[in-house]
Amino acid sequence: MEWVNETLVREFVFLGFSSLAGLQRLLFVVFLLVYMFTLGTNAIIISTIVLERALHTPMYFFLAGLSCSETCYTFVIVPKMLVDLLAQKKTISFLGCSIQMFSFLFLGCSHSFLLAAMGYDRYVAICNPLRYTVLMGHGMCVGLVAVACLCGFTIAEIITSLVFHLPFHSSNQLHHFFCDISPVLKVASHHTHFSQFVIIMLCALVLVIPLLLILVSYVHIISAILQFPSTLGRYKAFSTCASHLIIVIVHYGCASFIYLRPKSNYSSSQDALISVSYTILTPLFNPMIYSLRNKEFKSALQRVVGRTISLPRH
């Protein structure tokens, strides 16, 4: 009976956009333009933060990390999706699927913990402004990013190992456009209650723990802001947190819908639609929300562009 435990499925077939066969070329053009714009804006953000000394602060250090994370995050999914939109055979190898899932989970989980680190940064800046430079030194910032990446790596390794150690004998058709957890689990021949429980718990923890940390930070932040004497001071403090809160709501709203629903509510078409929002649209809006509407960042960008243009003259 040893053959039962062997993996017979050698590749998976994506069916995510099969119901939109007539629109796939149009979707390719739209998604390609969005992807190029996302890469361009994130490249502008990272290079501006690196080149402009005025932005060498903890807040922009985390923002650069977030932009790097989102650039890699979209690179894991979007190029393959664009190729598949034009291809007749939309397949991925078993190994390729496992690598894609691991990379996606690693970057997604790290993203959640990085948002928690940004919430802590805002808490220190508003609630302990006099000790901000001491508490949020370079070592602390690097340490927080390292912890976020370590947590993301560990969780992604455990979940990916549990999923791809399951037997795959029958169907290899994924009703999705990338190797997400639910579509792959759905085509597994069988899976134990233990592995399913561990996966659900890890998904819950990676969402709940960072979200609780962010909520605790904002409880203290809001109570501190309400004690500010001037209306202008309260407005400035709230405005520095508004961008972070918008991204937190979008990120955790989409992720909770996908990973924390009861299995009976599973809908492939709904999941594919929500996945498009957090793999393509959210990375598009994040740079605009965080940076391109930020006066300090726009001023820094103008200085960097001005220096770059003036270099050839010398």
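Using DSSP to call loops (not H, G, I, E or B), can you name the GluC sites (Glu not before Pro) in region 1-101 whose Cβ has at most 16 other Cβ atoms within 10 angstrom?
Values: sites: Glu2, Glu6, Glu11, Glu52, Glu70; in loops: Glu6, Glu52.
For GluC sites (Glu not before Pro) across region 1-101 that sit outside H, G, I, E and B with at most 16 neighbouring Cβ atoms in 10 Å, the list reads Glu6.
Set the Förster distance to 51 Å, then compute FRET efficiency between Ser47 and Val9 from the Cβ-Cβ distance, nearest 0.05.
Details: r = 43 Å, r/R0 = 0.84.
Result of the calculation: an efficiency of 0.75.
Using a probe radius of 1.4 Å on heavy atoms only, what accessible surface per residue do you get for the chain? Whole Å² is fine. Each step should come with its number before you reach the end.
Numbers: 16260 Å² over 314 residues.
Each residue of the chain exposes 52 Å² on average to a 1.4 Å probe.
Kindly report, to the nearest 10 Å², the accessible surface of Cys151 as traced by a 1.4 Å probe over protein heavy atoms only.
40
Can you tell me the alpha carbon radius of gyration of the chain divided by the globular rule-of-thumb value 2.2 N^0.38 Å?
Details: Rg = 21.7 Å, N = 314, 2.2 N^0.38 = 19.6 Å.
Output field value: 1.11.
Over the heavy atoms of Ser243, what accessible area does a 1.4 Å probe trace out, to the nearest 10 Å²?
About 10 Å², rounded to the nearest 10.
Farthest toward the dipole's positive end in region 11-307, which of Ala300, Phe102, Thr91, given Cβ charges of +1 (Lys, Arg) and -1 (Asp, Glu) about the Cα centre?
Selected residue: Ala300.
Using a 1.4 Å probe on the protein chains only, how many percent of the accessible area of the chain belongs to carbon and sulfur?
Working: 11560 of 16260 Å².
It is 71 percent, rounded to a whole number.
Between Asn172, Asn294, Asn42, where does the largest GNM mean-square fluctuation fall for the chain, given springs only between Cα atoms within less than 10 Å?
Checking each option, the largest mean-square fluctuation is seen for Asn294.
Ignoring ligands, DNA and RNA, how do Cys149, Cys241 rank by accessible area with a 1.4 Å probe, largest first? Walk me through the numbers before you get to the answer.
Numbers: Cys149 55, Cys241 5 Å².
Listed by decreasing accessible area, they come as Cys149, Cys241.
Contour minus end-to-end for Tyr235 and Ser223, with contour as 0.36 nm per residue of separation and end-to-end as the Cα-Cα distance? Don't skip to the answer; put the middle values down first.
Values: separation 12, 0.36 × 12 = 4.32 nm, distance 1.38 nm.
Extending this stretch completely gives an extra 2.9 nm.
Mind listing the lone cysteines of the chain, meaning no other Cys beta-carbon sits under 4.7 Å from theirs?
Within the chain, the cysteines lacking a partner Cβ under 4.7 Å are Cys68, Cys72, Cys109, Cys127, Cys141, Cys149, Cys151, Cys203, Cys241, Cys254.
What does the highest-first list of 128-135, 57-64, 181-188, 81-88 look like by mean Cβ count within 10 Å?
Values: 128-135: 11.6, 57-64: 22.0, 181-188: 19.1, 81-88: 15.0.
Sorting 128-135, 57-64, 181-188, 81-88 by mean packing, highest first, produces 57-64, 181-188, 81-88, 128-135.
Keeping all protein chains in place and using 1.4 angstrom, which order do His193, His244, His169 fall into by accessible surface area, from largest down? Numbers along the way, then the final one.
Numbers: His193 155, His244 5, His169 55 Å².
Accessible-area ranking of His193, His244, His169, largest first: His193, His169, His244.
The values are calculated or read from the model by the stated rules, or taken from the named source; none is laboratory data. Please read these numbers as outputs of a predicted model, since none were measured by experiment. Glycine also receives a Cβ, built like all others from the backbone with ideal geometry; neighbour counts cover every protein chain displayed. To get the accessible areas, we keep the full protein, side chains included, count just its heavy atoms, and leave off ligands, DNA and RNA. Shrake-Rupley method; radii C 1.70, N 1.55, O 1.52, S 1.80 Å.
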